[in-house]
1. Would you confirm whether any residue within the stretch 117-139 is more than 20 Å from the chain's Cα centre (by Cα), over 29 Å from L47 (Cα atoms) and modelled with pLDDT of 95 or more?
2. On the basis of being touching a residue at least 24 places away in the same chain (Cβ under 8 Å), touching a helix residue (DSSP H, G or I) at 6+ places or on another chain (Cβ under 6 Å) and not aromatic (F, W, Y), does A116 make the cut?
3. State the number of residues belonging to the stretch 113-165 that are among the charged types (D, E, K, R) and under 22 Å from P91 (Cα atoms).
4. Looking for whichever is in the same structural domain as K31 (by TED's automatic domain parsing) and buried (at least 19 other Cβ atoms within 10 Å of the Cβ) here; the options are A120, A59, A133, A113. Which one fits?
5. Please state which of the following conditions S56 fails to meet, knowing it meets all the rest: (1) under 16 Å from the mean Cα position of the chain (by Cα); (2) modelled with pLDDT under 90.
6. One residue is enough: does the stretch 86-104 have a residue meeting the conditions of a type in the set (V, I, T), surrounded by fewer than 17 Cβ atoms within 10 Å (Cβ to Cβ) and part of a helix (DSSP H, G or I)?
Amino acid sequence: MKNLFIAFGFLFFISCASPQSAIDYCHLADKQAAKDKSKTEAKANYLKALQIDSSSVEAYDGLGRLLMSSPDMNELKMANDYFDKALKINPKYSPAWYHKGMTYAREVKFNDAIAAYDNALHLEPGNADYFYARAVVYINSGNTQKGYEDFRRSCEFGNLNACRIVRAVGK
C-alpha cells in the first residue's frame, strides 16, 4: 500500500508495510507459511527475496522449510537441495544444518541426520532444540544412551519437553 504526500512542491510515495529488501520478503514469507496451508504466497515471497538478493541464505532455508514437511520424497530431496544452497553461501548458518538434519531424519537417514545436527551444534553448542532433535534420532536409531544424554543436555539448556523425558526416564 502506497501513500502520497507533497512536500516542498515534490510528490513523494511512502511505502507502508511493503517489503523492500530480501530479508523483508523472508519475514513476510515466514508469517505466510505459518498461516497458509498451501504455502503458495510464502513460496512466492521467498522467490522475490532471491530476486533481490540471490545469496539470501534465509530465503533458501525458508524454501527448504516449506518443502520439508511434505509427504512427497521428491520434495524432501528438493528441501535438502535448498539447504545445500544456503550452506554453500554460508556454511556457518546453523538453522540450515538443523533443518537438513530434520529432513534426513524424515528420510530415515539417521547417520546423515546426526552429522547435520553435529554441524548445527558445533555452531550453536547451547541450542536446546538441536540437542532435542539429535536425541530423537539417536533413540530412533537404537542408540538410547546417547539419546538420553542429549535429552539431558537439551533439558539443561531449557527445553521443557526434554526435561519431562529426563524425569520420566529417571536417568
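The values are calculated or read from the model by the stated rules, or taken from the named source; none is laboratory data. Keep in mind it's a predicted model, so treat the numbers as computed, not measured. When we count neighbours, we look across all protein chains shown, and the Cβ atoms used for this are built from the backbone with ideal geometry, even at glycine.
1. Yes, the stretch 117-139 contains at least one residue that is more than 20 Å from the chain's Cα centre (by Cα), over 29 Å from L47 (Cα atoms) and modelled with pLDDT of 95 or more.
2. It is false that A116 is touching a residue at least 24 places away in the same chain (Cβ under 8 Å), touching a helix residue (DSSP H, G or I) at 6+ places or on another chain (Cβ under 6 Å) and not aromatic (F, W, Y).
3. Counting residues in the stretch 113-165 that are among the charged types (D, E, K, R) and under 22 Å from P91 (Cα atoms) gives 4.
4. Within the list A120, A59, A133, A113, the selection yields A59.
5. (2)
6. Yes, because at least one residue in the stretch 86-104 is of a type in the set (V, I, T), surrounded by fewer than 17 Cβ atoms within 10 Å (Cβ to Cβ) and part of a helix (DSSP H, G or I).
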